[in-house]
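Visitor: Pasting a structure below so you can have a look.
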Amino acid sequence: MFDALTDRFERLSASLRSRGRLSEADLDEALRDVRSALIEADVELSVVRAFLDAVRDRLRGQALSQSLTPGQQVIKAVHAQLIDILGGSALKITYAPRPPTVVLLAGLQGAGKTTTAAKLARWFAQQGRHPMLVAADLQRPAAVEQLRVLGASIGVDVFSEPTTPVEVARRGLETAQRIGRDVVIVDTAGRLAVDEALMDEVAQVSAAIAPHYTFLVIDAVTGQDAVHTARAFHDRLELTGLIVTKLDYDARGGAVLSARGVVGRPVVFAATGEKIEDFDLFHPDRMASRILGMGDALTLIEQAERAMDPEVVAESAGRLMSGTFTLDDFLAQLNQVRKMGSLGGLMRLMPGMTKEMRTAASSIDERQLGQVEAIIRSMTPRERREPALIDGSRRARIARGSGTTVPAVNQLLKQFTEMRKMMRSMGSGGLPPQMGRMAQLAARARPQDLPPGFEALADATRPAPSAPAPRGARGKKKKGGRVTPPKGR
Amino acid sequence: MSTVIIILVVVALLAIGATVATVVVRRRRPALVAPPPVAPLPEVLVPEEAPRPELRDEPAMRARLGASRGVFDRLRGLGAGDVGEDDLATVEEVLLRSDVGLATTEAVLDSLRRDGAPEGVATAVRGVLRASLDRPRDVVEVADEGRVAVWLFVGVNGVGKTTTIGKLARREGERGHRVVIAAGDTFRAAAADQLALWADRTGADLVRAHEGADPGSVVHDAVGRAAARGADLVFADTAGRRANSSNLLDELAKVRRVADRGPGQVLETLLVLDATTGQNALSQAREFLAAAQVSGIVLTKLDGTARGGVVVAIERELGIPVKFVGVGEGVDDLLPFDPDEFVDALLRA
Ligand SMILES: Nc1nc2c(ncn2[C@@H]2O[C@H](COP(=O)(O)OP(=O)(O)OP(=O)(O)O)[C@@H](O)[C@H]2O)c(=O)[nH]1
Ligand SMILES: Nc1nc2c(ncn2[C@@H]2O[C@H](COP(=O)(O)OP(=O)(O)O)[C@@H](O)[C@H]2O)c(=O)[nH]1
Ligand SMILES: [Mg+2]
Ligand SMILES: [Mg+2]
């Protein structure tokens with residue numbers, strides 16, 4: 001999403017040349033580019049101005065660093081300021097002393113509230129909570145039904161009744177108390193900030209249930225209007241935070257900066273796709289790194305940890321390093337990867353990706369993974385163990401069996417063989433280059449930001465005997481199980 | 001290319017997974033010897049008595065925003081003749097705030113610098129913008145003899161495709177057409193139920209299939225039903241899809257091909273855009289144009305404070321005309337696009 005910004009800043013770094021000290025002229029030029037980049041990214045103009053002023057203050061008169069180019073120095077200041085605007089550190093979700101913890105979602109039409117409600121429910125379930133959904137959108141046709149379907153797919157109860165939104169919310173809360181649910185998530189109808197009647201209504205819903213968390217759900221593609229919306233909802237509802245959706249679009253996501261800037265509340269969660277699992281806490285520092293093209297290794301590792309089965313992974317990883325990796329292993333891995341969410345989304349998070357790779361990855365979806373799977377499944381067990389066996393006639397058979405084409409089969413086999421060769425040549429020593437880059441990032445990150453598991457990556461590249469201290473955090477996060485959505489996409 | 005990426009990702013993730021697995025295994029072993037007395041809470045579970053986050057206002061930003069509104073008034077106050085740098089800055093701000101985008105804004109500023117503003121700055125700006133909206137924007141309703149007209153509705157998630165179909169079903173019904181709606185969004189939960197209510201409201205026929213069904217075959221069936229029952233217009237809904245997935249766009253292209261076969265004849269492919277969308281709308285238009293030969297735009301949610309100026313950039317760059325605007329959630333909240341009114345609204349305070 002922030003790819004475009006990243007590209008701009010990369011170019012900036014190349015074009016800035018100066019010595020000794022950043023001159024005002026250098027600064028002007030650099031900031032002009034930053035301004036254009038932010039505007040093209042849909043950051044609201046007042047927010048752009050505030051941002052530039054702050055960056056200028058950071059940089060003015062600053063001595064040129066020995067180790068950084070002027071461009072890098074500007075980027076560093078921009079980066080620091082981005083982190084400031086995006087919220088410093090992630091908000092911690094705490095729970096009401098007397099359950100249930102009540103969460104209210106509000107936002108414009110089509111922002112993603114209903115989908116987000118289901119994603120949040122799943123997220124809370126994964127934290128070991130027992131959520132309930134309340135469908136208080138009685139306005140949009142079939143909105144209740146939509147939430148019911150989503151709720152059923154994740155095994156979460158959905159409460160609604162054909163009365164009024166205020167009544168539904170109140171009775172939903174009562175029901176949750178009665179049946180012992182500890183988190184209640186209330187979905188509301190989409191509304192425009194200028195619609196006084198509907199804004200009154202959502203304020204009444206809020207008054208009736210006194211939510212602990214009120215989130216504005218905001219679409220990452222929103223333009224200049226983001227601030228009006230954010231401010232209007234904040235005025236009526238006292239937002240606790242923002243949830244940004246559709247980060248899987250190629251949008252630059254300036255609305256996140258705008259909304260954040262104007263309400264002064266953190267972005268707490270981020271949605272990156274239509275699937276229920278495409279959802280996680282929002283990490284401002286990671287996002288800022290991502291803006292600057294550093295990838296987002298931390299999120300990726302967390303996702304891997306959550307979705308992958310360590311036994312399966314360890315087994316095939318061993319074979320991978322020793323060069324005996326089979327197509328069966330590959331298939332097992334592919335399925336693990338699919339559990340983590342969309343490939344494009346994952347790829348975006350991976351550091352060291354070129355722009356072309358990111359673009360290519362974002363255009364891949366489930367269907368293509370399905371094709372790869374179909375090809376492998378059309379092979380005999382022996383062929384999967386020894387792909388070298390697969391000659392022309394076998395290829396034709398496989399292509400037929402999988403409903404694909406011979407070139408597709410060829411390509412898969414060719415890539416697979418090359419990959420295997422590459423891994424073997426690396427032998428037992430070390431990680432692939434991508435991972436090395438991640439480990440570097442890990443080493444640079446502040447220790448309190450490291451999720452468990454990350455230190456191991458750093459360990460892996462500089463062999464240290466000390467095993468990491470057990471942090472115990474993981475076990476609990478896995479609770480609640482993973483839920484497969486009704487169908488893939 | 002895609003196989004390369006898939007393999008790359010799998011291998012990279014495998015390596016991550018492997019390291020993670022090593023940790024898990026390593027961690028487990030000492031745990032057997034000496035289990036930690038109390039498992040620390042996961043990062044998100046802080047003690048329950050933790051205070052709720054405090055609300056912090058940002059007064060400086062509020063003041064700035066309040067002030068920013070006045071720029072639209074200022075524009076109207078600008079006089080005639082040569083246009084100074086300050087005036088240009090005002091124009092720039094107004095256009096950017098309307099989501100017109102940098103490129104188009106620059107073009108307008110260039111033309112002001114070049115030609116001045118003999119009849120006042122606001123008039124000059126209006127003239128330039130209006131000129132980029134100068135193209136035919138009528139819709140085609142009548143198919144060739146013996147065929148059924150199909151209008152296809154495409155766009156990203158949540159922009160208002162389904163609602164627009166409801167509104168247009170009413171409009172075309174009133175104009176004497178018999179409409180069949182194809183519930184081609186078989187992906188989103190309850191999408192067909194949503195459309196069923198619109199069909200009810202407007203008296204249109206609905207063809208639907210189970211969730212996950214092939215959207216092409218739903219559209220095909222709808223065309224068949226229309227032909228059989230003497231209806232002359234099919235509205236095909238499609239699932240919202242991001243514009244940066246070639247596969248999802250390929251799927252759309254396929255739906256379009258199916259709709260354009262047999263008795264079906266695709267006369268309009270309407271891209272639905274949300275007026276609150278910023279510059280991303282331009283790339284949406286580009287991608288959907290390439291994948292589905294978009295013939296017009298429906299700009300929805302103009303009843304809010306968003307101005308939807310990005311369509312000016314779209315018309316300038318891609319020449320796709322806006323044909324309708326959505327101004328509410330009701331069945332009658334749809335208007336034919338009026339370029340003069342639109343430009344006025346862009347520049348109005
Ligand atoms: N690609 C993508 N699509 C999303 C995301 N979140 C939601 N959607 C889709 O966006 C559309 C609108 O989502 P909803 O959850 O219905 O939005 P809403 O805010 O409840 O909409 P209304 O109730 O109509 O106001 C649906 O098609 C969702 O599948 C996301 O993060 N990425
Ligand atoms: N205010 C307003 N809301 C609209 C308009 N058009 C659609 N909507 C709302 O936007 C949301 C998404 O619309 P929907 O038709 O489901 O979008 P789709 O996902 O593209 O089919 C719904 O809540 C609609 O009621 C409009 O012109 N104005
Ligand atoms: Mg909804
Ligand atoms: Mg729809």
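We did not get these values from a lab; they are worked out from the coordinates using the rules stated. Predicted, not measured: the structure shown is a model, and the values here were computed from it. We place every Cβ from the backbone using ideal geometry, glycine too, and count neighbours over all the protein chains shown.
Visitor: Could you let me know the centre-to-centre spacing of region A:195-245 and region B:112-144, using Cα atoms, in angstrom?
Guide: Using only Cα atoms, the two centres lie 36 Å from each other.
Visitor: A follow-up question, please. In whole Hz, with x marking every Gly and Pro, tabulate ³J(HN,Hα) for region B:294-303 from phi via Karplus 6.51 cos²θ - 1.76 cosθ + 1.60, θ = phi - 60°.
Guide: Once rounded to whole Hz, the list reads 4, 10, x, 10, 10, 9, 9, 6, 6, 7.
Visitor: Subtract the Cα-Cα distance of A:ASP309 and A:ARG400 from 0.36 nm times their separation in residues, and report this length gain in nm to one decimal.
Guide: So the extension gain works out to 29.5 nm.
Visitor: Take the alpha carbon atoms of region A:133-158, find their center, do the same for region B:229-264, and report the distance between the two centers in whole angstrom.
Guide: Their Cα centres are 27 Å away from one another.
Visitor: Taking other Cβ within 10 Å of each residue's Cβ, how do A:GLU174, B:GLU92 sort, fewest first?
Guide: The order, fewest Cβ neighbours first, is A:GLU174, B:GLU92.
Visitor: Separate question: For B:GLU211 and A:SER23, what is the calculated FRET efficiency with R₀ set at 51 Å and r taken between the beta-carbons, to the nearest 0.05?
Guide: After rounding to 0.05, the efficiency reads 0.25.
Visitor: While we're here: Give me A:THR101, A:THR175, A:THR417 ranked fewest to most by other Cβ atoms within 10 Å of their Cβ, as a rough exposure proxy.
Guide: Lowest count first: A:THR417, A:THR175, A:THR101.
Visitor: Here's a follow-up. Multiply the residue gap between A:ALA54 and A:ARG377 by 0.36 nm, knock off their C-alpha separation, and tell me the result in nm, one decimal place.
Guide: Stretched out fully, the A:ALA54 to A:ARG377 stretch lengthens by 110.6 nm.
Visitor: Near the amide H of A:ASP157, under 5 Å away, which other amide H atoms are found, from residues 5 or more places off or on another chain, if H is placed in the peptide plane?
Guide: Excluding prolines and chain starts, which carry no amide H, the hits are A:LEU133.
Visitor: A follow-up question, please. In straight Cα distance, which aspartates and glutamates are under 16 Å from B:LYS301, not counting same-chain residues fewer than 8 positions off?
Guide: Partners found: A:ASP195, A:GLU196, A:ASP219, A:ASP225, B:ASP99, B:ASP274, B:GLU329, B:ASP332, B:ASP333, B:ASP338, B:GLU341.
Visitor: Fewest first, what order do A:ASP53, B:ASP86, B:ASP260 take by the number of other Cβ atoms within 10 Å?
Guide: B:ASP86, A:ASP53, B:ASP260
Visitor: With θ taken as phi - 60° and the coefficients 6.51, -1.76 and 1.60, list the Karplus ³J(HN,Hα) couplings across region B:111-126 in order, rounded to whole Hz; mark glycine and proline as x.
Guide: 5, 5, 4, 6, 9, x, 9, x, 10, x, 5, 4, 5, 4, 4, 4
Visitor: Please provide three numbers in whole Å: the alpha-carbon extents of region A:153-196 along the principal axes, with the largest listed first.
Guide: If we take the Cα atoms of region A:153-196, the spans are 37, 23, 19 Å.
Visitor: What does the extension gain come out to for B:ALA345 and B:GLU119, with contour length at 0.36 nm per residue minus their alpha carbon separation?
Guide: Stretched out fully, the B:ALA345 to B:GLU119 stretch lengthens by 79.4 nm.
Visitor: Please compute, for peptide B:121-128, the average count of beta-carbon atoms on other protein chains lying within 10 Å of each residue's beta-carbon.
Guide: Mean partner shielding for this stretch: 0.
Visitor: For B:LEU334, list long-range residues whose amide hydrogen, built 1.01 Å from N in the peptide plane, is under 5 Å from its own amide hydrogen.
Guide: Distant-sequence amide H within range of B:LEU334: B:VAL327.
Visitor: How large is log10 I(q)/I(0) at q = 0.10, 0.15, 0.20 Å⁻¹ when the Debye formula is applied to the Cα atoms of region B:196-349, each weighted equally and without solvent?
Guide: -0.40, -0.89, -1.35
Visitor: Under 8 Å for C-alpha pairs, at least 6 residues apart: give me the relative contact order for region A:101-294, rounded to a whole percent.
Guide: 24 percent.
Visitor: Check B:ASP274: other-chain or 5+ apart residues with amide H under 5 Å from its amide H, H built from backbone geometry?
Guide: Residues meeting the amide H criterion: B:THR300.
Visitor: What is the distance, in nm, between label points placed 7 Å from the Cα along the Cα-to-Cβ direction at A:LYS421 and at B:ASP200?
Guide: Between A:LYS421 and B:ASP200, the simple spin-label model gives 6.4 nm.
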